[in-house]
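For reference, the structure discussed in these notes is given below.
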Amino acid sequence: MSAFDPKRSLRQGTIGGAASKPIFEANSVMTQPFAPGDVFGVPLPDGSMGVGQVLSLEPDALNSVGCVFLAATVDAGVLSGAPDPIAALLTTPDLLKSGAWPVKASAPVVLPREEWPYEAYRALHWVGVKVTGSRNAQALLAAYHCLAPWDDWHDPTYLDSLLLAGVSRPHGVLLSRAD
């Protein structure tokens, strides 16, 4: 067997030569359509789904998506918890586009535009705006629902900074560090 050549493998789209399984294919990436108002699920570690809604599409803000995340979860088709907004973030669109965050319905946007924390940056042509990775948003929901440690970040208050003004971390969140 010949030595592994990463440049050759990438040109061929395989790992380990022509007989290996492709690492990418031209049509392998599913693109799920989404639009403002779409309600989507966010998979949580216990198999339930967190709930989010697309607020806005922001191509000029690093091609991000404005999303609001709610306190409610869905398990076996049953909604539990209050559908109150806990965070409104510009997020990367990767998990929405791939269908990892499946769109389930469309509804009127639940959070008024004046409550979108990122809206103040629009007039500044998005200079200074923060875009949160979609996996970090998913981690926020997992920690909010006590399924992952809240403070397991370099900055133990990072997840607190993602919450909407006036929203506090819930009582009883898992902590990995002593307070």
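The values are calculated or read from the model by the stated rules, or taken from the named source; none is laboratory data. The structure displayed is predicted, hence computed values, not measured ones. Here the Cβ positions follow ideal geometry from the backbone for every residue, glycine too, while neighbour counts run over all protein chains shown.
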Do we have S64 as modelled with pLDDT of 95 or more, farther than 18 Å from L141 by Cα and either hydrophobic (A, V, I, L, M, F, W, C) or surrounded by 19 or more Cβ atoms within 10 Å (Cβ to Cβ) (or both) here? yes
Of the residues in segment 107-136, those that are surrounded by 15 or more Cβ atoms within 10 Å (Cβ to Cβ) and either among the hydrophobic types (A, V, I, L, M, F, W, C) or within 14 Å of Q32 (Cβ to Cβ) (or both) come to V109, V110, L111, W116, W126, V129, V131, S134
Assuming G128 fulfils every condition listed in (1) touching an Asp or Glu at 6+ places or on another chain (Cβ under 9 Å); (2) farther than 26 Å from P170 by Cβ; (3) free of Cβ contacts under 8 Å to residues at least 40 places away in the same chain apart from one, which condition is it? (1)
Against the conditions (1) touching a helix residue (DSSP H, G or I) at 6+ places or on another chain (Cβ under 9 Å); (2) exposed (fewer than 11 other Cβ atoms within 10 Å of the Cβ); (3) modelled with pLDDT of 95 or more, where does P59 fall short? Just the number, please. (1)
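What are the residues in segment 100-134 that are closer than 16 Å to V51 by Cβ, in a loop (DSSP other than H, G, I, E, B) and either outside the structural domain of G37 (by TED's automatic domain parsing) or not aromatic (F, W, Y) (or both), if any?
Across segment 100-134, the qualifying residues are A100, P102, A107, P108, V109, V110, L111.
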Residue check, P93 in contact (Cβ under 8 Å) with a residue 12 or more places away in the chain, over 16 Å from S64 (Cα atoms) and either charged (D, E, K, R) or in contact with a helix residue (DSSP H, G or I) (Cβ under 8 Å, 6 or more places away or on another chain) (or both): no
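For segment 135-142, state whether one or more residues are part of a loop (DSSP other than H, G, I, E, B) and within 16 Å of the chain's Cα centre (by Cα).
Let us first name the residues in segment 135-142 that are part of a loop (DSSP other than H, G, I, E, B), namely none.
No, segment 135-142 contains no residue that is part of a loop (DSSP other than H, G, I, E, B) and within 16 Å of the chain's Cα centre (by Cα).
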Looking at (1) of a type outside the set (S, T, N, Q); (2) free of Cβ contacts under 8 Å to residues at least 40 places away in the same chain; (3) under 20 Å from A148 (Cα atoms), find the lone condition where L57 falls short. (3)
